[in-house]
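Below is one structure; the comments refer to it alone.
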Amino acid sequence: SVSKSSSSTSARVEKSDVGEIFKKREIKDDEGFVFAVSKVLGKDQNNLVALNALAVHYIERGKIGLAKIVLNRAFDAHRSSHTIHNNMGIIYLSEKEQRKAINAFKKAISLKPDYEIGLANLGSIYVEYGDYPRAVEPLEEGYSVVQQQIKKRNEDAIKVASNYAVALAGTAQFEKAKGVYEEILEADSRNVGVLYNFASLLIENLKKADQG
């Protein structure tokens with residue numbers, strides 16, 4: 001997941017200017033979005049909200065080179081921003097630099113320990129590579145933060161919970177995994193990926209039972 005968090009803006013930048021960035025982004029008006037970002041950066045060239053939004057815009061469109069330029073500029077001005085470190089992690093992932101990505105996500109979490117997007121991204125890397133013991137802790141923390149959002153069918157929350165369940169199953173914590181899957185499916189009963197993983201978990205348990 002790409003972080004879209006905002007931060008405090010320069011006194012010269014009006015709230016309405018920042019609001020226009022997110023408004024244009026929401027309605028997928030690319031031309032209007034770029035104009036809104038340019039307007040803010042014209043007033044404050046290091047504005048974190050505008051730079052981060054522009055980087056996310058480029059990441060989502062696969063323009064990684066441009067995203068990297070924007071994030072490097074943002075990083076120079078905002079080295080303590082957890083969102084910038086998280087989004088640098090996304091860049092590293094796209095470049096197949098897993099170790100750098102892991103370090104970036106860890107840095108984001110160190111700056112904001114309850115940062116669910118960073119926790120989810122870190123845990124997801126470990127899950128992807130089958131390192132379930134390492135995945136459990138960050139995903140457990142992320143799950144505790146986003147658990148209330150699962151009922152609202154929040155996509156990021158469901159992704160965190162799903163990866164957490166996979167990690168639990170991978171470390172033989174089957175009952176806890178089952179409980180997490182059931183919680184997700186109660187909110188989103190048609191989630192194909194979760195249904196498949198839950199079915200796989202039940203089948204694995206049946207195999208173990210058959211083997212005595």
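The values are calculated or read from the model by the stated rules, or taken from the named source; none is laboratory data. Note that the coordinates shown come from a computational prediction; the quantities given were computed from them, not determined experimentally. These accessible areas exclude ligands, DNA and RNA; they are computed on the full protein's heavy atoms, side chains included. Shrake-Rupley method; radii C 1.70, N 1.55, O 1.52, S 1.80 Å.
Some notes on this structure:
- The angle separating the long axis of helix 132-150 from the principal Cα axis of greatest extent in the chain is about 70 degrees.
- Across the accessible surface of region 66-136, with the other protein chains kept in place and a 1.4 Å probe, carbon and sulfur atoms take up 52 percent.
- Region 60-212, accessible area per residue, ligands and nucleic acids excluded (1.4 Å, Å²): 54 Å²
- Helix-only [θ]222 nm of the chain, DSSP H runs n ≥ 4, -39500 (n - 2.57) each, per residue, nearest 500: -24500 deg cm²/dmol
- Axis angle, to the nearest 10 degrees, between helix 174-187 and the longest C-alpha principal axis of the chain: 50 degrees.
- For the residue pairs 23/112; 39/112; 106/176; 68/107; 15/43, the C-alpha atoms sit more than 20 angstrom apart in 23/112; 39/112; 106/176.
- Shape metrics for region 123-212, restricted to C-alpha atoms - Rg then Dmax, Å: 12.6, 40
- Nearest-ten-degree value, helix 15-26 long axis tilted from longest Cα axis of the chain: 50 degrees
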